[in-house]
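The values are calculated or read from the model by the stated rules, or taken from the named source; none is laboratory data. Just so we're clear, the structure is a prediction, and the values are computed from it rather than from any experiment. Note that each Cβ is placed from the backbone with ideal geometry, even for glycine, and that neighbours are counted across all protein chains shown. Note: accessible area is taken over every heavy atom of the protein model, side chains too, but ligands, DNA and RNA are not part of it. Shrake-Rupley method; radii C 1.70, N 1.55, O 1.52, S 1.80 Å.
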Amino acid sequence: MTVENPVVRSAVCRAPAATIWRECFADPSTWPQWDEDLSSVTDVTGPLEDGTTMTFEMKKDGAKFPMSLSGVETHRQLTFAGSFACGLASARGHLMLTPEGEHTRIEYTFGMSGLMGRLLFRIYAKEMIDGTEKGLENICSLSEKAAGTK
C-alpha cells in the first residue's frame, strides 16, 4: 500500500531497541499506552509477527479498524496496516528502530491512502500529525523510564 504525503517523525530515545520493543511493541494490547488515539487493541490473533491481525478501537468516536502486521523484525521494525470504508480508505503505520550507540533512533511514519483516506487525511491532518508526534514522544518516555534513563 502506497501512502501519499505520510507523516514522518523521528527521535533519539535514551534506551536500547530491546527495551523499546519490550515496553511498547511486543504486546499489541498495550499499544494504547503510547498511542493516545486508541482506547484499545482487541482481537489480537497471535504474537507480534507477520500476519497477526487485530482491531484498533479509537478513543475519539469508538470506531473500530481491522489491522494486520507485516515486516516484523524483532527489535528493528514493524508495520501495521488496514483498510476500511469498503476499501475506500487505508491506513499504514511503520516503526523503525536504529541503534545509535547506547541510544536508539525511532522513525515513525503514518499515512492514509485511497479515495476516502486522502480526504480524511486532508481534513484531519493536524490531528494525525499531532498523534504521530505524541506517540513517538510517549514511546521514548515509556522506554526511557523502563531503562532508568529518564
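Worth pointing out:
- The residues in the stretch 69-91 that are over 20 Å from THR42 (Cβ atoms), modelled with pLDDT of 95 or more and out of contact with any helix residue (DSSP H, G or I) (no Cβ under 6 Å at 6 or more places or on another chain) can be counted, and the count is 5.
- The residue list ALA91, ALA81 contains one member that is surrounded by 14 or more Cβ atoms within 10 Å (Cβ to Cβ), touching a Lys or Arg at 6+ places or on another chain (Cβ under 6 Å) and either in a loop (DSSP other than H, G, I, E, B) or touching a residue at least 24 places away in the same chain (Cβ under 8 Å) (or both), which is ALA81.
- Sub-6 Å Cβ pairs linking a first residue in the stretch 5-19 that is closer than 11 Å to HIS103 by Cα to a second residue that is among the aromatic types (Phe, Trp, Tyr) and surrounded by 16 or more Cβ atoms within 10 Å (Cβ to Cβ), at least 6 apart or interchain, number zero.
- Any pair with Cβ under 6 angstrom, 6 or more apart, that starts in the stretch 113-133 at a residue that is part of a helix (DSSP H, G or I) and ends at one that is among the acidic types (Asp, Glu): GLY131/ASP37
- Qualifying residue in the stretch 95-109 (condition: of a type in the set (Val, Ile, Thr), in contact with an Asp or Glu (Cβ under 7 Å, 6 or more places away or on another chain) and not in a helix (DSSP H, G or I)): no
- Every residue from the stretch 7-19 that is closer than 22 Å to GLY111 by Cα and open to solvent by less than 20 Å² (accessible area, probe 1.4 Å): VAL7
- Residues of the stretch 133-150 that turn out to be within 20 Å of PHE65 (Cα to Cα) and modelled with pLDDT under 95, as a count: 0
- Selection of the stretch 94-117 for residues being aliphatic (A, V, I, L, M), surrounded by fewer than 19 Cβ atoms within 10 Å (Cβ to Cβ) and within 16 Å of the chain's Cα centre (by Cα) yields only MET96.
- Residue within the stretch 33-40 that is open to solvent by less than 50 Å² (accessible area, probe 1.4 Å) and either closer than 20 Å to SER113 by Cα or in contact with an Asp or Glu (Cβ under 7 Å, 6 or more places away or on another chain) (or both) present: yes
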